[in-house]
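Enquirer: Starting off with a structure, shown below.
The values are calculated or read from the model by the stated rules, or taken from the named source; none is laboratory data. Source: prediction; values computed, not measured. Don't worry about glycine lacking a Cβ; one is built from the backbone with ideal geometry, like all the others, and counts go over all protein chains shown.
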Amino acid sequence: MKYEAVIGLEVHVQIKTESKIFSGSRSGYGYEPNELVDPVVFGLPGALPVMNKAALDGIIKAGLAFKCSIPDWCKWDRKNYFYPDSPNNYQITQYDQPICQGGEVEIELSGDSRAEMGEHKNIKLTRIHLENDVGKLNHFTEDSLVDYNRAFTPLMEIVSEPDMHSGDEAFGFLTSIRQTMIYCGVSDCDMEKGQMRADANISVRPVGETTLGSKIELKNLNSITGVKNGIEYEIKRQIRELKKGNSIKQATWRWNADLGRTELMREKEDAHDYRYFPDPDLLPVRIDDEWRNRIRSEIPELPFEKQSRFMDDYDLPYTIASVLVPDRALSEFFEEAAKKNPSKAKAIGNYVTNDLLRELSEAGQSLAVCKVSPEHLLSLVEAVEKGTITKQIAKDVFVEMFQSGELAGKIIDRKGLKPDFDDEQVKVWCQEAINENPKPVDDFRSGNDKALNALLGQVMKKSRGKANPQSVNQVLRELLS
Amino acid sequence: MGDELHFKSAGELSDLLSSGSVSSVEIVKAFINRVEAVDNSVKAFNSYDAEDALAQAKVSDERRVKGETLSELDGIPVGLKDNLAVKDQPLTCSSKILESFISPYDGTCIQKLKAKGAVLWGRLNMDEFAMGSSTENSGTHTTSNPWDLERIPGGSSGGSAAAVAACEAPVALGSDTGGSIRQPASHCGVVGLKPTYGRVSRFGLAAFASSLDQIGPIARNIDDAALLLNAISGYDSHDSTSIDIAVPDFRKAAADVSDRKWTIGLPKEYFEESSDPEAIMPVLDAIEFYKSQGFEFKNISLPRTEYAVASYYIIATAEASSNLARYDGIRYTSRAEDFDGKDSIDVYRQSRALGFGEEVKRRVILGTYVLSSGYYDAYYLKAQKCRTLIRSDFENAFESVDAIMTPTSPTPATLKGAHAEDPLAMYLSDIYTISANLAGIPGLSLPCGYVDGLPVGLQILGKPFKEEEIFRVGRIFEKAHAFKDEYPEL
Amino acid sequence: MSEERSIDIEKVADLARIALTNDEKSKLSGQLNSILEYINKLNELDTDDVEPMAHPHSVFNVWREDKAETGLPIQEALKNAPKQRQNMIVVPKVVE
C-alpha cells in the first residue's frame, strides 16, 4: 500500500511598518521589554484602536503579488479568547470578509541536480487576512514573563489550501513567500526574529483515495528547514501508524528539532468558541480600483519572473540565475552590467555570484557599501574579451578592484599585468616547449588531444601566466601540424 | 439658596473670574468645603484630591494674572465620573478589580479640559463599569439622591448627577450608554445631555458598550451644559468612531432667541404605556407650556420601541463581555492571591470572581452567551437588525418633526433596594432612554417639575448632530421656570 | 417556533473566565433564563430584508499615517502591575 501526504500551511508574516497596526506605538524587534507600549498595546481602560494605512497597503501588495482577489469591502472582527500574551483578551482579525481571497504561490522544487531547475508548481491559497500580533511569553522554571513589545505588530495570515504533498513542497512554499515579500518590501520574513511563523496541518491517505485522512496540527516549526524536516518526519510517523493498523487522532503535535522527532502536545480539545463579532471600534475598509492599481504598480518584477527572464534573455544558466534572484539588489546590480554587454552576461553573472559574493562575505560587507559597481564588472569583462588579460588573471584583478575600487584598466596598468611580449615571442615559447617536452608531443601526435595541455602549461609558465591560453593552444596546434 | 460660591453656575463663576471678583482658588475652596459638609450624606465621590485641585486653581489664577487665560472654563472645577482616564489619578470605574489602578494617561476629553484650563475635580461614583440605573451596583458604595437620601440618584452616572445637584461641583462629566446621563439627571433635578454618537471622543472612557457609549455634560442649566459640550466635542484621531463634523458654538446657539416655528413629535409608545400617569404629570405640564409658546405638537409613532430594551441588552452585554475581558488580573488589575493557581486560567477566574460585582458578572455572562457558538444569528445579528429598524423609526419621524419629547424616566427616583432581586425590572425602567443610544441620536434631560417632592425630567431627543437645537428648545422652557435655581436642602 | 433556550451556566462562565459559587450559578441561571425569555421577544420582528447596523454612521476608511508616536515609558505602563520582574509581567508558568 502506497500512501501520500496532504499538507496545508498557515503562515503568519509580520508586515514591516514604522508603527503598529492599531496603535501609533513604534513597531520593532530587539527593544527593551515593554518599551514599545502605549495604552492600546497594553490594553488599558479607555484605549481605542486606529488602523494603520501602511499595513493595508502592505497586505494588498502581498495579495496582488500572490494573485488573490481583493474585494471592494472588508471589515474587522474580534476573536475572543483569554491568554496572557493578549492585551485585550481578544484579537482584532478578519473572520468572514478577509481582505485577500484565493490566490496562489508559485514554488520551485529541487531539480535532478543542482545545475538543473526543478519543477514549478502553483500552490493554491484559501485567503490572506490581517490581524494584530500578540505579546511574547518567556518561560522560566517557576513562572512565565510577558513582554508586549510584539503585541499589535501587523500580521498577515496566509492560509493555503491542503495543496502540498511533501516537506519539499512546504519548503518551496515558504521560500517563495519569503522571497516575494522581500522583493515587495512588505516583510523580511526572518523566522529567527518571529517575522514569519508557520504551522502545518498534515494527514496521509492511500494513493488514489480522494477523501482526506485524519489530520494533526504541527507547531514549533522554527525555521524553513525545520518545516521541511518536521513534515517529513510526521508523514513517515503517520504512515507507520496506519500500517500498524492504528488510526490518527486529531491532535496538536510539536516538532522537536533537537531530537529530530514530533511529540504530542495536546489531544484535540473542543473547538474554541471565539465568539466572533464585528469590532465596534473600527470602521469598514472600502477598496477601489484606484487603490488596487496604485499598489499593483508598486509591485516589482517578482523572483520567478526575473529568474525565467534572466535564463531566457541572457542565456544565464540556472546555477547563476538561482543565486542572483533571491537577492533583488544583487540581481539589479547584475543586470545593470549585463544589459550593457548581454553577450557576456554569463561571465558577468559568474563574477557576481562567485567572486563578488565571496569577497563581500569575507569582508563582512553589504552590497550597498561595496566599491565594485556594475561599471567595474564591465571593465573587467571587456579586458578579458579583448585579450588584454586572461580569465585567470582577471580573478586577481577582481580582488584588487574590490579593495581599491579602481577600474580594471587602471589596475592592469598599475600592476603591469598586460602581456609585455608580442605574438612572435609566444611562437618562440611554443617552439621551446615543443622542443623541451618530446613525450607530450608524441602523445599528441598519436591522437591524445589532451596531451597538449602539458605543453600549454609550459608556455603559460614561461609567460608568467600572461599569455592567452586560447591563442597559445592555436599556435601549438599550428606548429605541431 | 444662599450667595455662596458653590451655589453658582459655571457661567456665573466664569463671569466672576473674568471680572476679578473672585479667584479660582476661592472657588475651589468653596467646593471643597461643600463636599466636606455634605458628602457624608450624599456620598457622590469615590475620591477627591483637594490639594491637587487647589494646585490647579493656583495655576489658573497665575495664568489670569498674566493675561493668559485659556478659556471661559479656566479655573472652574469640573467633576469627573470615575471611568474617565486622568493621568496619575485613580480610574476605578467603581470596581474592586480597579480599586488600586492609577491611570498612566489622559483621555482626549480630559486633554481638552486641561487645554481649556478647567480644574479637574474628583472621581465620582457610578454603577460598576457603568452597568446599572441606580449607582447601587457600585463596587465602592451607594450614592444617595440629594432630594431624598433614602432614594437612588439614578445611574450609572449617579455620582456626577448627585454632585451637581448637591452643589459639590458646578458641572460634571458623565457617560451615557442606555440613559446613564439623562436618567440620573432627571432623578436629581439637573440637566444632562447625551451627545450624538461620535460627537465626543471615547478615547479615555473605559468602554462598556463601544457602539453606544458617549461622554456628556451634567450641569445645573443649559448654558453650562453647552459650555462643557463646547469644550469636549470634536473629531479625534485616536477614536475611529468619532465623526469629523464641524462643532458649532453650542453656548451661542443655546442662547439664540430668534423666532422659529418648532414642530415636536410625541411618540405614542412613550405615553400610552405609562403605568403611572401621575409620575409623569410634570412632563405633560411642560408640553402644555410649549403649546402655549406656539410649539406645534404631532402625534408620531416609533413602532419598534417595544423591542429596544431587548436589542439593547443583547448588543450592550455582548460588546461589554468583550470590552471587560481585559480586566483579568494580569497586567494592571487586582490579582487574586491566596489560592492554588496552577495556570493563568485560574488567575482570570478568581480575579474576576473577586473583582467583579453581581451585575457585571450577570451582564458579562449574558453577553458571552449571546455571542457564543450557534447563537450569534439568533441574538446579536438579530438585535443589530432590530437596531436598524429602530433608527429608521426615528429617521421617519424626523422628516416631519424637529425634535421629540418624552418623559426621561417612567417614575421618579425609587427607594434604594427597590429592584434588588429583579434585574429585568431594572432593565425595563430604561425604556425611554435606550432608543436614543441605539439610534445614535442626541438627547437632553431637563428638570420640569416634581412629583411628591422628587424631580422629574423632560427628555428632548434631536436629529443627529443637532444638539444646538435641543438646547434651544430646552432653553425656552428653562427661562420661564425656576427649576434650575432650586436645590435640595442638605 | 422559538426553542427552549436554557443557558448552560457552567459552560458560559468558563468561557467568560469567571469562577462562580454554586449559589451564584443557580441564582444567575434563573435570572438569565428569564431575561432570555424576555429577549426572545425579538423573534416577533421580521428582519429578513434588514441590514444589521454595525455603526451608527456610514463612515469607512478611517485610518492614520504610519508614523511612530511616543508611547508610555516602561515604568508608567507597569506601575499598576500586580507582579513584575525584569520589566515584564509575571504570570503562572504557561505550558504550551
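Enquirer: Confirm whether C:A77 is at the interface with chain B (Cβ under 8 Å from one of its Cβ atoms) and of a type in the set (G, A, S).
Expert: On the way: at the interface with chain B (Cβ under 8 Å from one of its Cβ atoms): yes; of a type in the set (G, A, S): yes.
Criteria met by C:A77.
Enquirer: Assess whether A:F173 counts as being touching a residue at least 60 places away in the same chain (Cβ under 8 Å), aromatic (F, W, Y) and farther than 30 Å from A:R26 by Cβ.
Expert: yes
Enquirer: Check C:N61 against each of (1) modelled with pLDDT of 95 or more; (2) not in a loop (DSSP other than H, G, I, E, B); (3) not aliphatic (A, V, I, L, M) and name the one condition it does not meet.
Expert: Single failed check for C:N61: (2).
Enquirer: Find the residue count for the range A:82-129, including only residues that are surrounded by 14 or more Cβ atoms within 10 Å (Cβ to Cβ), of a type in the set (S, T, Y) and outside any loop (DSSP other than H, G, I, E, B).
Expert: Residues in the range A:82-129 being surrounded by 14 or more Cβ atoms within 10 Å (Cβ to Cβ), of a type in the set (S, T, Y) and outside any loop (DSSP other than H, G, I, E, B): 3 in total.
Enquirer: What number of residues within the range C:30-54 satisfy the criterion of being more than 7 Å from every other protein chain (Cβ to nearest Cβ) and either surrounded by 19 or more Cβ atoms within 10 Å (Cβ to Cβ) or among the aliphatic types (A, V, I, L, M) (or both)? Step through it out loud before you land on a result.
Expert: Here is the first cut: in the range C:30-54, the residues more than 7 Å from every other protein chain (Cβ to nearest Cβ) are C:30, C:33, C:36-37, C:40, C:43-44, C:46, C:48-49.
From the residues that got through so far, the ones that are either surrounded by 19 or more Cβ atoms within 10 Å (Cβ to Cβ) or among the aliphatic types (A, V, I, L, M) (or both) too are C:36.
Qualifying residue count, the range C:30-54: 1.
Enquirer: While we're on this one: Of these, C:A13, C:A68, which one is of a type in the set (A, V, I, L, M, F, W, C) and facing chain B (nearest Cβ under 7 Å)?
Expert: Matching residue, one of C:A13, C:A68: C:A13.
Enquirer: Considering A:S86, A:S110, A:S23, which residue is at pLDDT below 95 and assigned by TED's automatic domain parsing to the domain that holds A:T210?
Expert: Values: A:S86 fails: at pLDDT below 95; A:S23 fails: at pLDDT below 95.
So the residue among A:S86, A:S110, A:S23 that is at pLDDT below 95 and assigned by TED's automatic domain parsing to the domain that holds A:T210 is A:S110.
Enquirer: I'm told A:V6 meets every condition in (1) β-branched (V, I, T); (2) away from every other protein chain (no Cβ under 14 Å); (3) surrounded by 21 or more Cβ atoms within 10 Å (Cβ to Cβ) except one. Can you identify the failing condition by its number?
Expert: (3)
Enquirer: Considering only the range A:240-275, state which residues are over 16 Å from A:A200 (Cα atoms) and either surrounded by 17 or more Cβ atoms within 10 Å (Cβ to Cβ) or within 14 Å of chain B (Cβ to nearest Cβ) (or both).
Expert: A:L242, A:E269, A:D270, A:A271, A:H272, A:D273, A:Y274, A:R275
Enquirer: Still on this structure, I have one more. Might you let me know whether the range A:157-169 holds any residue that is crowded, with 23+ Cβ neighbours inside 10 Å, under 25 Å from A:T93 (Cα atoms) and not assigned by TED's automatic domain parsing to the domain that holds A:E332?
Expert: Yes, because at least one residue in the range A:157-169 is crowded, with 23+ Cβ neighbours inside 10 Å, under 25 Å from A:T93 (Cα atoms) and not assigned by TED's automatic domain parsing to the domain that holds A:E332.
Enquirer: Give the residue that is surrounded by the fewest Cβ atoms within 10 Å (Cβ to Cβ), with candidates limited to residues of the range C:6-21 that are assigned to a loop (DSSP other than H, G, I, E, B) and of a type outside the set (D, E).
Expert: That would be C:T21.
Enquirer: Checking the conditions here, which among B:G374, B:G440 is out of contact with any Ser or Thr (no Cβ under 6 Å at 6 or more places or on another chain), free of Cβ contacts under 8 Å to residues at least 40 places away in the same chain and farther than 22 Å from B:N137 by Cα?
Expert: B:G374
Enquirer: Could you pull out the residue among A:G28, A:G63 that is over 30 Å from B:A320 (Cα atoms), in a loop (DSSP other than H, G, I, E, B) and in contact (Cβ under 8 Å) with a residue 60 or more places away in the chain?
Expert: Of A:G28, A:G63, the one residue that is over 30 Å from B:A320 (Cα atoms), in a loop (DSSP other than H, G, I, E, B) and in contact (Cβ under 8 Å) with a residue 60 or more places away in the chain is A:G28.
Enquirer: Which ones in the range C:55-80 are surrounded by 13 or more Cβ atoms within 10 Å (Cβ to Cβ) and touching a helix residue (DSSP H, G or I) at 6+ places or on another chain (Cβ under 8 Å)?
Expert: C:P56, C:W63, C:R64, C:D66, C:G71, C:L72, C:A77, listed by residue number.
Enquirer: Take the residues in the range A:137-154 that are touching a strand residue (DSSP E or B) at 6+ places or on another chain (Cβ under 6 Å) and within 9 Å of chain C (Cβ to nearest Cβ), then tell me which one is surrounded by the most Cβ atoms within 10 Å (Cβ to Cβ).
Expert: My answer is A:V146.
Enquirer: For the range A:38-60, which residues satisfy the criterion of being assigned to a loop (DSSP other than H, G, I, E, B) and closer than 19 Å to A:K193 by Cβ? Please lay out each step first, then the result.
Expert: Just the residues of the range A:38-60 that are assigned to a loop (DSSP other than H, G, I, E, B), to begin with: A:38, A:43-50.
The answer is none; no residue qualifies.
Enquirer: Something else: Just give me the residues in the range B:336-355 being at the interface with chain C (Cβ under 7 Å from one of its Cβ atoms) and either assigned to a loop (DSSP other than H, G, I, E, B) or buried (at least 21 other Cβ atoms within 10 Å of the Cβ) (or both), in sequence order.
Expert: B:G341, B:K342, B:D343, B:S344, B:V347, B:Y348, B:R349, B:Q350, B:R352
Enquirer: Scan A:M196, A:M191 and give me the residue that is more than 22 Å from A:A251 (Cα to Cα), buried (at least 20 other Cβ atoms within 10 Å of the Cβ) and either of a type in the set (D, E, K, R) or in contact with a helix residue (DSSP H, G or I) (Cβ under 9 Å, 6 or more places away or on another chain) (or both).
Expert: Only one candidate passes the filter, namely A:M196.
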